[in-house]
Amino acid sequence: MYDNDISDVVAADKAHVWHHLTQHKPFETSDPRVIVEGKGIHVWDAKGTRYLDAVSGGVWTVNVGYGRESIADAVREQLVKLNYFAGSAGSIPGALFSEKLIEKMPGLSRVYYCNSGSEANEKAFKMVRQIAHKRYGGKKTKILFRERDYHGTTIAALSACGQPERHMQYGPLTPGFVEVPHCLEYRKQWDVENYGERAADAIEEVILREGPDTVGAICLEPVTAGGGVIVPPKGYWERVQEICKKYDVLLHIDEVVCGVGRTGTWFGYQHYGIKPDFVTMAKGVASGYAAIACCVTTEEVFNLFKDDAEDPLNYFRDISTFGGCTAGPAAALENLAIIEREGLLENTTAMGDYCLEKLEELKDKHAVVGDVRGKGLFLGTELVADRGTKEPVAEKLAQKVVAECGAQGVMIGVTNRSLPGFNNTLCLSPALIATKDNIDEIVGAIDVALTRVFG
Ligand code: PMP
């Protein structure tokens with residue numbers, strides 16, 4: 001498609017592109033890995049080296065794997081017919097995808113389209129705020145979020161972010177967002193038997209402290225992703241749901257990472273039998289074949305914006321230019337069809353369980369492995385310098401493990417590495433098509449890397 005020499009591409013990139021999450025000084029003199037092709041679970045760099053991608057495109061996105069011609073065909077067909085049109089009349093793939101999606105989400109009924117996870121979360125925040133103004137005279141505007149959760153990069157989404165290193169130097173943040181404690185049992189904050197319920201009770205304590213008449217919603221990840229792959233303990237979610245009901249607090253589940261199969265169910269919240277008022281999603285919705293994100297809500301919430309139609313303020317006064325792109329829902333429709341056709345939810349559960357077993361074996365073998373945890377094909381391995389004190393390993397050592405895996409042709413990730421006291425958790429999230437052989441190769445590479453770095 002392009003006939004440029006790769007060194008020209010790198011030169012153009014270094015001259016003009018400002019990369020995400022990158023300190024550019026060392027980057028200027030580095031020899032960056034340029035990924036140019038993907039097929040299935042593998043990618044190739046410009047030098048022809050093949051990697052097993054255990055992070056689905058770096059940030060848990062390419063759920064159905066690379067090189068899916070049926071998605072490319074669906075998008076192409078739609079683009080040449082109609083690429084874009086904004087407004088209230090909708091689009092054919094937008095309508096059809098929303099119908100299919102809602103079939104997978106009993107109790108929910110309306111899909112609001114936008115472009116990124118951050119934006120989907122902002123839509124829910126705006127709906128909560130507007131409800132507070134319409135229904136509660138401007139009270140109940142506060143939104144709770146949990147320590148270690150992440151909800152996006154825009155200023156309001158960042159204000160709902162429980163990882164302080166993300167918002168340092170970006171203040172002043174948006175007021176009205178209040179933190180509740182994390183629920184990672186490995187790093188206990190309460191010495192009790194039923195840890196899940198205790199951690200959820202901490203939410204009630206915050207609601208009571210702030211005043212129940214001021215709290216409109218709580219936004220939570222089903223399994224915390226970038227904050228260290230935290231699977232809430234037994235009893236947590238049931239109690240959260242009770243608390244939300246008791247204080248009339250809307251429950252917003254951020255499925256930007258867990259959504260569309262990652263944890264072995266269509267959505268992470270579906271493991272726990274809870275009934276959210278908002279579900280936001282992005283990455284896996286079209287597996288990165290097109291940009292699409294959604295904020296999904298109930299008919300009850302939707303109806304609140306429909307009553308009093310004579311009032312000029314009484315509708316959701318929000319638009320996303322590229323929410324009108326048709327490539328997103330066209331790709332998303334085929335992405336869902338692939339997951340169904342190929343039984344990828346079942347595969348995710350089976351391979352996730354297998355991977356967890358293999359990681360447990362690593363824990364028996366390497367003292368540096370403090371904890372392993374996960375759900376479906378979303379797994380974490382927390383590294384500690386000392387199992388007794390749970391002191392995290394140095395960030396550069398965790399990075400070295402990632403590099404040593406890369407040297408063996410396996411790409412893995414690491415979360416939460418920049419502040420002392422925060423954990424260093426190796427992160428695995430391969431495409432949902434992963435096989436036992438792939439899992440063996442991934443865990444085998446980590447095994448070798450841990451030996452090389454820690455002995
Ligand atoms: N929520 C969660 C849980 C995420 O992990 C992310 C991104 N990593 C976002 C929201 C923001 O998504 P985006 O980068 O598409 O804005």
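Just so it is clear, none of the values below were taken in a lab; they were calculated from the coordinates. Everything quoted here is computed from the prediction, not taken from an experiment. No Cβ is skipped: glycine too gets one built from the backbone with ideal geometry, and neighbour counts run over all protein chains shown.
Worth pointing out:
- About the centre of its Cα atoms, the chain shows a dipole size close to 540 debye [charges on the beta carbon of Lys, Arg (+1) and Asp, Glu (-1) only; nearest 20 debye].
- For the peptides 9-19, 325-335, 265-275, the ranking by packing is 325-335, 265-275, 9-19, with the highest mean count of neighbouring Cβ atoms within 10 Å listed first.
- When the Cα positions of L336, G196, P232 are compared along the charge dipole of region 70-341, L336 comes out farthest toward the positive end, with charges on each C-beta of Lys, Arg, Asp and Glu.
- Considering only Q270, T141, H16, and ranking their Cα positions along the charge dipole of the chain that arises from unit charges at the beta-carbon of Lys, Arg, Asp and Glu, the one farthest toward the positive end is T141.
- Residue order, fewest to most beta carbons within 10 Å, for R373, R33: R33, R373
- Gyration tensor (alpha-carbon) shape descriptor, region 19-151, a/c threshold 1.5: oblate
- Above-threshold pairs, the threshold being 18 Å between Cα atoms, out of K234/K375; K126/K306; K375/K436; K188/K234; K139/K275; K142/K246: K139/K275
- Rounded, prolate or oblate (a/c below 1.5 giving rounded, otherwise prolate when a/b exceeds b/c) for the chain by Cα gyration tensor: oblate
- Highest-first arrangement of 397-408, 188-199, 246-257, 230-241, where packing means the average Cβ count within 10 Å: 246-257, 230-241, 397-408, 188-199
- Counting only residues at least eight positions apart within a chain, or on another chain, the lysines with an alpha carbon under 16 Å from that of K363 are K390.
- The Cα-based radius of gyration of region 70-341, divided by its Kirkwood radius, gives an Rg/Rh of 0.97.
- Shape of region 318-398, Cα gyration tensor, a/c cut at 1.5: oblate
- Within the straight-line cut-off of under 17 Å between alpha carbons, the aspartates and glutamates reachable from K283 are D53, E119, E122, D149, E221, D254, E255, E334, sequence neighbours fewer than 8 places apart in one chain being disregarded.
- Eigenvalues of the alpha-carbon gyration tensor of region 41-95, scaled by 5 and square-rooted, set the equivalent ellipsoid semi-axes at 32, 13, 10 angstrom, largest first.
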